[in-house]
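Student: Below you'll find the structure I mean.
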Amino acid sequence: MAFTIAIDGPAAAGKGTISKAVAAHFGFAHLDTGLLYRAVGAKTLAGVEAIAAAKALVAEDLEAEDLRTPEVAQAASKVAVIPEVRSALVDFQKAFARRAGGAVLDGRDIGTVICPDAEAKLFVTASAEVRAERRFKELQGKGGDQGYEEVLADVKERDKRDRERATAPLKPAADAVQIDTSEMSIEAAVQAAIAAIEARRG
Ligand code: CDP
């Protein structure tokens, strides 16, 4: 049986951690759609034109090293503005969403554009400062050299670009359950997400 869980929200809101935990809890497959845009962004940094890169994307590209760097995140949000890049990635995401056995997709436009009929939709947020602090610590743990202020500026810049673009802007679906994780532990956020989805499962 197909059952789709859409999890959207701004940069570094904890969507990845929550999505993985939710997918494990329900035994569903998980797709981090940000990786698609990061993979295309990485190709543009290597000199490939964005639309051509999106059209030629293959599964192995999502396993490339260094997709989680701040440079690739910025490149991802730049290519994500281009309608032809987005449309080249739609079919793969829709097919993943309807796979038998259930799927969790996290991104920016899953509940609004990719899966408007998803059985459960969450919009995960936190203040920009809290998100930057979490991302700063994550990057530091990987030996990153960005300071907190730089990470905060990066998060705010991407949020602005993601919210203001004409095609598939970042915004909550009308029927999404919003979870503000600013003052929640990761365990509490995961429990809130699971409870909201259980309520939709009936
Ligand atoms: O992990 P983080 O929240 O920082 O970013 P991500 O989810 O990996 O997404 C990287 C960038 O890809 C975002 O800033 C968006 O511009 C873009 N993106 C998008 O436009 N639509 C999606 N469904 C997922 C990501």
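Student: List the strands (runs of 3 or more DSSP E) that sit entirely inside region 83-202 and contain at least 1 residues that are in contact with a Leu (Cβ under 9 Å, 6 or more places away or on another chain) and closer than 24 Å to Ala73 by Cβ.
Tutor: Once the strands (runs of 3 or more DSSP E) in region 83-202 are filtered for at least 1 residues that are in contact with a Leu (Cβ under 9 Å, 6 or more places away or on another chain) and closer than 24 Å to Ala73 by Cβ, what remains is 103-107, 177-180.
Student: When both residues are 6+ apart or on different chains and their Cβ atoms are under 8 Å apart, which pairs have a first residue that lies in region 129-150 and is under 17 Å from Ile186 (Cα atoms) and at pLDDT 95 or above, and a second that is of a type outside the set (Gly, Ala, Ser) and not in a helix (DSSP H, G or I)?
Tutor: Here the result reads Val130/Thr181; Arg131/Pro10; Phe136/Gln146, each pair linking region 129-150 to a residue that is of a type outside the set (Gly, Ala, Ser) and not in a helix (DSSP H, G or I).
Student: Residues of region 21-48 being within 19 Å of the chain's Cα centre (by Cα) and of a type in the set (Ser, Thr, Tyr), which ones?
Tutor: Within region 21-48, Thr33, Tyr37 meet the criteria.
Student: Among the residues of region 100-113, write down those that are more than 11 Å from Phe28 (Cβ to Cβ) and either charged (D, E, K, R) or surrounded by fewer than 24 Cβ atoms within 10 Å (Cβ to Cβ) (or both).
Tutor: Asp106, Arg108, Asp109, Thr112, Val113
Student: Mind telling me which of the residues Ala95, Ala176 ends up being away from the ligand (no atom under 13 Å from the Cβ) and in contact with a helix residue (DSSP H, G or I) (Cβ under 9 Å, 6 or more places away or on another chain)?
Tutor: Ala176
Student: How about region 20-36: which of its residues are in a helix (DSSP H, G or I) and either more than 10 Å from the ligand (Cβ to nearest atom) or modelled with pLDDT under 95 (or both)?
Tutor: Within region 20-36, Lys20, Ala21, Val22, Ala23, Ala24, His25, Phe26 meet the criteria.
Student: Check Gly47 against each of (1) farther than 20 Å from Ala166 by Cβ; (2) more than 13 Å from the ligand (Cβ to nearest atom); (3) surrounded by 14 or more Cβ atoms within 10 Å (Cβ to Cβ) and name the one condition it does not meet.
Tutor: So the condition that Gly47 fails would be (3).
Student: What number of residues within region 165-191 are polar (S, T, N, Q) and in contact (Cβ under 8 Å) with a residue 40 or more places away in the chain?
Tutor: So the count comes out to 4.
Student: Based on what the data block shows, is Glu65 out of contact with any Phe, Trp or Tyr (no Cβ under 6 Å at 6 or more places or on another chain), among the charged types (D, E, K, R), part of a helix (DSSP H, G or I) and more than 28 Å from Ala192 (Cβ to Cβ)?
Tutor: No; evaluated as a whole, the condition is false for this residue.
Student: Kindly list the number of the only condition in (1) more than 27 Å from Phe26 (Cβ to Cβ); (2) within 8 Å of the ligand (Cβ to nearest atom); (3) among the small types (Gly, Ala, Ser) that fails for Ala75.
Tutor: Ala75 satisfies every listed condition except (2).
The values are calculated or read from the model by the stated rules, or taken from the named source; none is laboratory data. Just so it is clear, the model here is predicted, and its values are computed rather than measured. When we count neighbours, we look across all protein chains shown, and the Cβ atoms used for this are built from the backbone with ideal geometry, even at glycine.
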